[in-house]
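Trainee: Can you read through this structure? Questions will come right after.
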Amino acid sequence: LLPIWEVGVVASLYGISSWNINPEFFDEELYQQIPTLNTVEKQLKVTINMLHTMGKTVGMDVIPHTDRYSQIVLVNPHFFEWLQRKDLKITNHQANLHETVQTLILDFLEEKGSAIAINYPKNREDFFYDFDENSRLLALFGEKTNYGGRLKRRNELIQYLYNNGFEPVPATMAPPYRGLKVSDETAKVIDQDGRIWRDYEITKPQKMSRVFGPLTRFKLYERLDNNQNWAIDFNEPRPNVWKYISEKYSQIQSAYNFDFMRGDMSHVQMRPDGVPQKMEEYYDVLKHIKNHIQTRIPYFGYFAETFLAPANEMAYGDEIDHLEHSDAETTLGDLQSLPVDTAEFQQRFRSYLDILATRRVSPNFTIMTADKDDPRFDKFYLNGNEARFFMSLFLNNMPSYMGLGFECRDIHIEAAPNEHYTKLYVFQIDEGAKATKGKYIWGKNIELFQRINRIRIYTEQVLPLLQHAKIQWHLFPDSTGFRKTIAWSIQGESTYLFVVHLASKAPAINIKIPSISIENDLTLDFSTLDDVNPNDEILSSHHSCFHIHRLDQGECRVYKIN
């Protein structure tokens, strides 16, 4: 499931504002049908219970950052990194700037009064370290049920900090991660309250360097030299922060019975020297969260969001090394970023098979993600959709991933209105190029849906016969991109040969498939096309090869031993 918590100032699901479940997910129709489901928390719990009764497992997004001015940040400023800015200059980013921010928050509380009638400590250390978090939340923002009141109080506190120039340090992506400056005069946003927010950039950027202005990361380590050079001291973890975030996600898992986690931005590895040889307790926060939950739920799994980029591009060091150190079982990968008929797709696919065979983490055969369900990527889905789906199901030693709406996604020769793309519902934007007006519109590609449904029905008949059986490759993905046909077999209760032609514009003629360890004739059992050359319905091995006369573009077939 996408992030389930209240959202922050830019209304991004990934910029969480609090640990409260997002009230927008409350379903009025469900409440009308079952009046006892009168809270969003009850509805979420029942939904997950129903998914479990259907034999499904349910994952939760785990996010090592929050909205920059989330309630989480404002009641725990000591868990985050801060800076002070005046116009276009960062004037202060000392390591313990959170102490000044704590004092200001108490000044705000003294000036405005407690949001509800509650006695609170007036001393900074007593308030932030001895007064429990729930009581701090009540004093600063009020009751959880008073959503409008909490929002108003938070906005007032943001204004108070803004007037003094204090901001949480924005989250960054990719090396060198550290070292910030304010962007030029034009890079700014003026909010509805007239506040001017500046964009930031990396002082010495590399290829993939990014700054996520609306987000801030938990401060997991101390800083070297009072943060004078933006350097992290990885030898000095801050255990109270690791414990806090691990316990919060453990509580959420327990409350709703999630089975696994998707680690957001799992590729983050900030050590300039790369992945250390020695395993460390405080190596990676997502690993720490997973292991903490596994003390109660041993089967709890970790699905990592990484794209398996080259070393030192998205993370310092090698991503696979990082994922193995982080105890991730599987990772998203990036097959969704290439049309299947390209040489680059086959190269990437083959490299993933090598990782699958030699490492402890499994790349996914990813079909589509919300990040790629965007007008910029329409070209990925102009062809090859049935082949993507077919491979994802019958590569049964490789996990697969498919985002919402793929089976009926319309073909967009030109960009459709924004309401047709799931990516644009991760945010709530009312104006500009990424704005949405109204609900998401499902695709009406009934032809694709019917073809995929044929594959699904056939899969449900065959896959139970192939449980735990191993794949043997006959034609690997061709790293040169010259050959467009791939083939593999699975020997379970029966032996099946799977053949896919990846080209989108031309058929394959006279294909030779090595008949490794298959001595019997093969009979066509399934094709994604209705018409198949009768000469191809029976395959006999000649000179250690099976011979297929013709495969049409995008065609997938299954042969079975007689």
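The values are calculated or read from the model by the stated rules, or taken from the named source; none is laboratory data. If you're wondering where the values come from, they're calculated on a predicted model, not measured in any experiment. Every residue, glycine among them, receives a Cβ derived from its backbone with ideal geometry; neighbour counts consider all protein chains shown. What goes into the accessible areas is simple: the full protein's heavy atoms, side chains included, and nothing from ligands, DNA or RNA. Shrake-Rupley method; radii C 1.70, N 1.55, O 1.52, S 1.80 Å.
One line per residue, one yes/no per condition, for (1) touching a strand residue (DSSP E or B) at 6+ places or on another chain (Cβ under 9 Å); (2) modelled with pLDDT of 90 or more; (3) open to solvent by less than 20 Å² (accessible area, probe 1.4 Å); (4) outside any loop (DSSP other than H, G, I, E, B):
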residue	(1), (2), (3), (4)
L393	yes, yes, no, yes
M398	yes, yes, yes, no
Y401	yes, yes, no, yes
K423	no, yes, no, yes
L448	no, yes, yes, yes
N453	no, yes, no, yes
W473	yes, yes, no, yes
R483	yes, yes, no, no
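Trainee: How many residues does segment 525-546 hold that are on the phi < 0 side of the Ramachandran plot, open to solvent by 40 Å² or more (accessible area, probe 1.4 Å) and either in a strand (DSSP E or B) or free of Cβ contacts under 8 Å to residues at least 24 places away in the same chain (or both)?
Mentor: Step one: filter segment 525-546 for residues on the phi < 0 side of the Ramachandran plot, giving 525-542, 545-546.
Next, from what is left, pick out any that are open to solvent by 40 Å² or more (accessible area, probe 1.4 Å): 525, 529-531, 533-535, 537-538, 541-542.
After this cut, where a residue has to be either in a strand (DSSP E or B) or free of Cβ contacts under 8 Å to residues at least 24 places away in the same chain (or both) as well, the list is 525, 530-531, 533-535, 537-538, 541-542.
Number satisfying all stated conditions: 10.
Trainee: State yes or no: is G179 modelled with pLDDT under 95, under 27 Å from the mean Cα position of the chain (by Cα) and under 21 Å from Q94 (Cα atoms)?
Mentor: Numbers: modelled with pLDDT under 95: no; under 27 Å from the mean Cα position of the chain (by Cα): yes; under 21 Å from Q94 (Cα atoms): yes.
So G179 does not fit the description; no.
Trainee: Select, from Q461, Q491, the only residue that is more than 28 Å from R409 (Cβ to Cβ), of a type outside the set (K, R) and open to solvent by 20 Å² or more (accessible area, probe 1.4 Å). Full working, then the answer.
Mentor: Numbers: Q461 fails: more than 28 Å from R409 (Cβ to Cβ).
The conditions single out Q491.
Trainee: Continuing with this model, one more query. Could you give every pair whose Cβ atoms fall below 7 Å, whose first residue belongs to segment 473-490 and is more than 17 Å from C545 (Cβ to Cβ), and whose second residue is basic (K, R) and at pLDDT 95 or above, counting only separations of at least 6 or pairs across chains?
Mentor: So the pair list comes out as P477/R350; S479/R350.
Trainee: Name every residue in segment 1-44 that is closer than 21 Å to G403 by Cβ and open to solvent by 50 Å² or more (accessible area, probe 1.4 Å), in order of residue number. Reasoning before the result, please.
Mentor: The initial filter retains those residues of segment 1-44 that are closer than 21 Å to G403 by Cβ, namely 1-5, 7, 11-16, 22, 24-25, 44.
Listed by number, the residues that qualify are L1, L2, E24, F25.
Trainee: Take residues that are in contact (Cβ under 8 Å) with a residue 60 or more places away in the chain and open to solvent by less than 70 Å² (accessible area, probe 1.4 Å) and tell me which of the strands (runs of 3 or more DSSP E) falling wholly in segment 162-226 contain 2 or more.
Mentor: Details: elements: 166-168, 171-173, 180-182, 188-190, 196-198, 200-202, 210-212, 215-217, 221-223.
Ranges flagged: 166-168, 171-173, 180-182, 215-217, 221-223.
Trainee: Does segment 268-297 hold any residues that are aliphatic (A, V, I, L, M) and either in contact with a strand residue (DSSP E or B) (Cβ under 8 Å, 6 or more places away or on another chain) or outside any loop (DSSP other than H, G, I, E, B) (or both), and which are they? Let's see the steps before the verdict.
Mentor: So the first thing to find is which residues in segment 268-297 are aliphatic (A, V, I, L, M), and the list is 268, 270, 275, 279, 285-286, 289, 293, 297.
Matches in segment 268-297: V268, M270, V285, L286, I289, I293.
Trainee: Residues of segment 241-267 being assigned to a helix (DSSP H, G or I), closer than 30 Å to N92 by Cβ and either without any contact (Cβ under 8 Å) to a residue 12 or more places away in the chain or among the hydrophobic types (A, V, I, L, M, F, W, C) (or both), which ones?
Mentor: Going residue by residue through segment 241-267, those that are assigned to a helix (DSSP H, G or I) are 241-256.
Next cut, closer than 30 Å to N92 by Cβ only: 241-245, 248.
Selection gives V241, W242, K243, I245.
Trainee: Quick check on my filter: what residues within segment 504-515 are over 37 Å from the mean Cα position of the chain (by Cα) and under 24 Å from Y458 (Cβ atoms)? Give the derivation first.
Mentor: Within segment 504-515, the first condition is being over 37 Å from the mean Cα position of the chain (by Cα), and the residues that meet it are 509-515.
Hits for segment 504-515 are I511, I513, S515.
Trainee: Mind listing whichever residues of segment 494-513 are basic (K, R) and either open to solvent by less than 10 Å² (accessible area, probe 1.4 Å) or modelled with pLDDT of 95 or more (or both)? I'd like the intermediate steps shown before the answer.
Mentor: From segment 494-513, those basic (K, R) are 505, 512; that's our starting set.
Within segment 494-513, just K512 meets the criteria.
Trainee: Further question: Output yes when any residue across segment 62-70 is open to solvent by 20 Å² or more (accessible area, probe 1.4 Å), β-branched (V, I, T), in contact (Cβ under 8 Å) with a residue 12 or more places away in the chain and not in a helix (DSSP H, G or I), and no when none is.
Mentor: Within segment 62-70, none of the residues are open to solvent by 20 Å² or more (accessible area, probe 1.4 Å), β-branched (V, I, T), in contact (Cβ under 8 Å) with a residue 12 or more places away in the chain and not in a helix (DSSP H, G or I).
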